[in-house]
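Okay, structure first, notes after.
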Amino acid sequence: MIRQLVYISSVKGDPGAINPDAILHVSRRNNARSGVTGLLYYDGRRFLQALEGEVEAVERLYRHIATDPRHHALVILSDRMVATREFGDWAMGHACDGEDRAVLISRIGRLAAKASPAVRATFESFAGLKRLF
């Protein structure tokens, strides 16, 4: 069995200081060593992430994320055991200025295609949100 943990957090400080490509690069390297895979979605203000791996590896990584000064208001949305990895290899989607929402939602849907319906809907809904301010 594999542990799957899905959380959301908000950026602490200046969102412009966040470099999603650098986060992805470091995450891929570190997560490969610990056998953690999943999906990280960043919309410019919030992170939505699914982590999958051995129970202790996911717990260690989440504790590290919880102490990362770039995050605050972390909320675990789902924490469950799954028979197989639903996200396969590490992937990351992020909103791009001016990107068509339908294209973005479709891309996130493909990345989360094997996830449970509830987890997939969480990512698709998050990608489809429009900023009110």
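The values are calculated or read from the model by the stated rules, or taken from the named source; none is laboratory data. Nothing here was measured: the structure is a model prediction, and the numbers come from that model. With ideal geometry, Cβ positions are generated from the backbone for all residues, glycine too; neighbour counts draw on all protein chains shown.
The table for this structure:
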{"item": "Residue in segment 50-61 that is in contact with a Phe, Trp or Tyr (Cβ under 9 Å, 6 or more places away or on another chain) and modelled with pLDDT under 90 present", "result": "no"}
{"item": "Among residues of segment 74-88, those that are assigned to a strand (DSSP E or B) and at pLDDT below 95, counted", "result": "0"}
{"item": "Residue list for segment 1-58, filter: loosely packed, with under 15 Cβ neighbours inside 10 Å, in contact (Cβ under 8 Å) with a residue 12 or more places away in the chain and of a type in the set (Asp, Glu)", "result": "Glu54"}
{"item": "The one condition in (1) over 22 Å from Pro15 (Cα atoms); (2) in contact with a Gly (Cβ under 9 Å, 6 or more places away or on another chain); (3) modelled with pLDDT of 90 or more; (4) not polar (S, T, N, Q) that Pro69 fails to fulfil", "result": "(1)"}
